[in-house]
1. Which distance in Å, rounded to a whole number, links the C-alpha centroids of region 1-49 and region 57-98?
2. What does the helix-only formula give at 222 nm for the chain: each DSSP H stretch with n ≥ 4 adding -39500 (n - 2.57), the total divided by the residues, and the result rounded to the nearest 500 deg cm²/dmol?
3. If packing is taken as the mean number of other Cβ atoms within 10 Å per residue, what is the order of 188-194, 21-27, highest first?
4. Taking the alpha carbon gyration tensor of the chain, what are the square roots of 5 times its eigenvalues, largest first, to the nearest whole Å?
5. Please give me the summed charge of the neighbours of residue 42: other residues whose Cβ is under 11 Å from its Cβ, Lys and Arg +1, Asp and Glu -1.
6. How tilted is helix 211-222 with respect to the longest principal axis of the chain? Cα atoms for both, answer in degrees (0 to 90, nearest 10).
7. Net charge around residue 28, counting only other residues with Cβ within less than 11 Å of its Cβ (Lys, Arg = +1; Asp, Glu = -1)?
8. A 23 angstrom limit on the alpha carbon distance is what I want to check against. Which of 125/274; 168/255; 56/176 exceed it?
Amino acid sequence: MNISRIGVVGAGQMGNGIAQTAAAAGFSVTCSDINEAAIARGRSTVAGSLARLVKKGALTIESADAIAAKIAWTTALDAHADADLIVEAASENVDLKLRIFAELDRVAKPGAILASNTSSISITKIASSTKRPESVVGMHFMNPVPLMQLVELIRGMQTTDEVYAAVKACAETMGKTTVLGRDMPGFIVNRVLMPYINEAAQALFEGIGTVEDIDIAMKLGTNVPMGPLTLADFIGLDTCLAIMEVLHSGLGDSKYRPSPLLRKYVEAGWLGRKSGRGFYAYPAKA
């Protein structure tokens, strides 16, 4: 299965990163979102990312311009009609993803592969909203996509060997290392990572340590690059909560119950870096 044209649904943090990474690997890319404001933000983020790579000497100006030129931006989902692979990178909401995949099934050409960047939701369930479940697969990129090496692949119950091999080869062409996770809540990465972040939030809730003390303790005590609460702010507390909800409901084990403090922060709109406030406060950009 030859993949040369890639569609990306969602121009947000993950979607624009996938679009940039795919374009840098030589693929022709179309990135869509629901309105022009979202498209403008996505295009601006890619431009900023490429400019930083030029400043660091990782890219020439000519190479950065060539990468940007490979990405078409649109609000029309029908623009993905000629894509060989369409990667959905919408919010971590199962109902939203089911609606998107039902629409993509209508839009996509016969033989096109439909992939989800979901970090926790069942690929088999997502595939059930289409008439081509054998061509649906999980392709979970890590954030920030241009810098992080891993892509976690997940096969649904009906995903064919050919589809899996094609997306694996595609990810490797993008310079990524792949792992295969079982289609269970959270897969590999978030099955391990999110309970760790949730427990850090619970430790803060119980007064075991301050935000700073918890992060410093885990950084210096376990040699991780950033503390769990800093990482939660980077990911987005709403995303962390959504994944914990998937783990809790999907596995039925109380150890996956979201921390009340995590839930309260999300209710307050304290979502992390993207909202300006999470476990830490972030000054507004000039």
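Taken together, the values in this text are just the output of simple stated rules run on the coordinates, not laboratory data. What you see is a predicted model; the values in this text were computed from it and never measured. FYI the Cβ positions are ideal-geometry reconstructions off the backbone, even for glycines, and counts take in every protein chain you see.
1. So the separation of the two Cα centres works out to 2 Å.
2. On the way: 11 runs with 133 residues, N = 286.
The per-residue figure over the chain is -14500 deg cm²/dmol.
3. So the order, starting with the most tightly packed, is 21-27, 188-194.
4. Details: eigenvalues 191, 112, 58 Å².
Gyration-tensor ellipsoid for the chain: 31, 24, 17 Å.
5. Numbers: positive: 41, 43; negative: 33, 36.
That works out to 0.
6. 70
7. Here the charged neighbours net out to 0.
8. Long pairs (Cα-Cα over 23 Å): 125/274; 168/255.
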